[in-house]
């Protein structure tokens with residue numbers, strides 16, 4: 001495997017495939033000689049075939065959505081994805097942050113507004129998740145504790161039930177600890 005600032009070459013069965021990648025994907029690609037897996041997208045034009053590689057399906061899906069917008073080609077889409085993680089891009093969409101998109105070479109004011117309008121509709125479900133995450137990150141201790149319980153394997157409804165009746169506290173760790181004690185006492189009492 002070969003790593004360059006704008007692409008990687010992946011050896012698959014003795015054949016080297018050149019994939020253009022975003023800066024975010026490049027961070028996830030291991031050093032030469034190590035196994036790597038990338039999600040690929042083939043773009044066929046009249047005069048060329050080009051492969052694009054992505055570290056995650058989410059990033060590839062956002063790439064597909066970006067290139068579906070008038071005025072956004074594969075190179076501009078990769079540059080957009082290079083500005084941060086897929087989650088960062090979704091947050092920018094949720095916030096209507098046109099400046100985030102205007103910072104990308106090749107995207108002006110109209111194109112950035114078009115991206116926000118068109119992608120908000122297409123990724124509405126993911127945006128709702130991002131808005132919830134953003135609210136949790138802004139300091140809602142209960143939301144952070146709930147997310148912690150979900151990450152530990154509890155269902156969201158079960159996590160809510162565990163947090164019910166616990167005195168509100170500004171410390172999500174204290175809420176999480178109290179909920180885990182409540183779960184342990186419920187198991188020992190059952």
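Name the helices (runs of 4 or more DSSP H) wholly within segment 108-161 that hold at least 2 residues that are closer than 18 Å to residue 98 by Cβ, modelled with pLDDT of 85 or more and in contact with a helix residue (DSSP H, G or I) (Cβ under 9 Å, 6 or more places away or on another chain)?
Numbers: elements: 109-122, 124-137, 141-151.
Where helices (runs of 4 or more DSSP H) fall fully within segment 108-161 and carry at least 2 residues being closer than 18 Å to residue 98 by Cβ, modelled with pLDDT of 85 or more and in contact with a helix residue (DSSP H, G or I) (Cβ under 9 Å, 6 or more places away or on another chain), they are 109-122.
Residue-wise test of (1) touching a strand residue (DSSP E or B) at 6+ places or on another chain (Cβ under 6 Å); (2) modelled with pLDDT under 90.
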{"residue": "1", "(1), (2)": "yes, yes"}
{"residue": "23", "(1), (2)": "no, no"}
{"residue": "26", "(1), (2)": "no, no"}
{"residue": "47", "(1), (2)": "no, no"}
{"residue": "57", "(1), (2)": "yes, no"}
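Could you please let me know if residue 31 is in contact with a strand residue (DSSP E or B) (Cβ under 9 Å, 6 or more places away or on another chain) and more than 20 Å from residue 101 (Cα to Cα)? Walk me through how you get there before you give the answer.
Working: in contact with a strand residue (DSSP E or B) (Cβ under 9 Å, 6 or more places away or on another chain): yes; more than 20 Å from residue 101 (Cα to Cα): yes.
Here the answer is yes, as residue 31 does meet what is asked.
The values are calculated or read from the model by the stated rules, or taken from the named source; none is laboratory data. Note that the coordinates shown come from a computational prediction; the quantities given were computed from them, not determined experimentally. A quick note on method: Cβ atoms are made from the backbone with ideal geometry, for glycine too, and the neighbour counts reach across all protein chains shown.
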